[in-house]
1. What is the dipole size for the stretch 72-112, taken about its Cα centre, with +1 at each Lys and Arg Cβ and -1 at each Asp and Glu Cβ, in debye to the nearest 20?
2. What does DSSP give for the chain in terms of the percent of beta bridges that are antiparallel, rounded to the nearest 5?
3. Can you tell me the length gained on complete extension of the stretch GLU83 to ALA17, counting 0.36 nm per residue apart and subtracting the Cα distance?
4. Where nothing but the Cβ of Lys and Arg (+1) and of Asp and Glu (-1) is charged, how large is the charge dipole of the stretch 1-72 around its Cα centre, in debye to the nearest 20?
5. Kindly provide log₁₀ I(q)/I(0) values, in the same order as q = 0.20 Å⁻¹, from the Debye equation applied to equal alpha-carbon scatterers of the stretch 9-73.
6. Using DSSP to define loop residues, name the chymotrypsin sites (Phe, Trp or Tyr not before Pro) in the stretch 25-127 whose beta-carbon has at most 14 other beta-carbon atoms within 10 Å.
7. Between GLU75 and ALA124, what's the calculated FRET efficiency when r is the beta-carbon distance and R0 is 22 Å? Round to 0.05.
8. Give me the percent of Cα-Cα pairs in the stretch 35-133 that sit more than 16 Å apart, rounded to a whole number.
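What follows is calculated from the coordinates using simple rules that are stated; it is not laboratory data. Quick caveat: nothing in here was measured; it's all calculated off a predicted structure. Methodologically, a virtual Cβ is constructed for each residue, glycine included, from the backbone with ideal geometry; neighbour enumeration extends over all protein chains shown.
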Amino acid sequence: MTGSTKKGYAFNATRQAFLASHLRRADTHLSRLIGLMGTPPGSLSSGNGVWIVPCHGVHTFGMRYAIDLVYLNRELEVIHTEENLRPWRVAPVRMESATVLELPPHTIYQTGTRIGDHIEISFAQTGNEGGKA
C-alpha cells in the first residue's frame, strides 16, 4: 500500500466508535490511483483503513476482497456510504465528496455509521509533520 507513512485514526464522533485505529493517508496521484490494488486478502484487517484525499469515488479493480466506503465532505461529515463493495466494481461518484475512507467490510454496520455523522481524523505528529487533518 503506498501513501503517507504517517499513521492516524478515524473516529466517528457521533457514534463514539473508531472506524480505523490504524489509518494511512493516500494523498498523491499515484497513491490514490493504486490504493489497495493488488494487496492480498487480509491486508485491510479490522482497525485498518485508507483515507483518500481528495476523492469523489473509487474502484475496486485489481482487488481480491470487498471493502466498505465512507464518503466525507470538507467538514468531515458522512455524505454517502457503500457497504461490502466487491472486487472489480466502480463505486458511485459523489461530486460533493472531498475524501473517502476505505475500510474493512462490515465496519459501517459494526459502528452504526450513518449519513450526517461527524468523523474525526487525526495523524500522529512526528517532527514537523502530522497534526489534525
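1. That gives the stretch 72-112 a dipole magnitude of about 180 debye.
2. About 85 percent, rounded to the nearest 5.
3. Fully extending the segment from GLU83 to ALA17 adds 22.1 nm.
4. Its charge dipole is roughly 140 debye.
5. For the stretch 9-73, the Cα-only Debye profile gives -0.86.
6. PHE61, TRP88
7. 0.45
8. Distances greater than 16 Å cover 55 percent of the Cα pairs.
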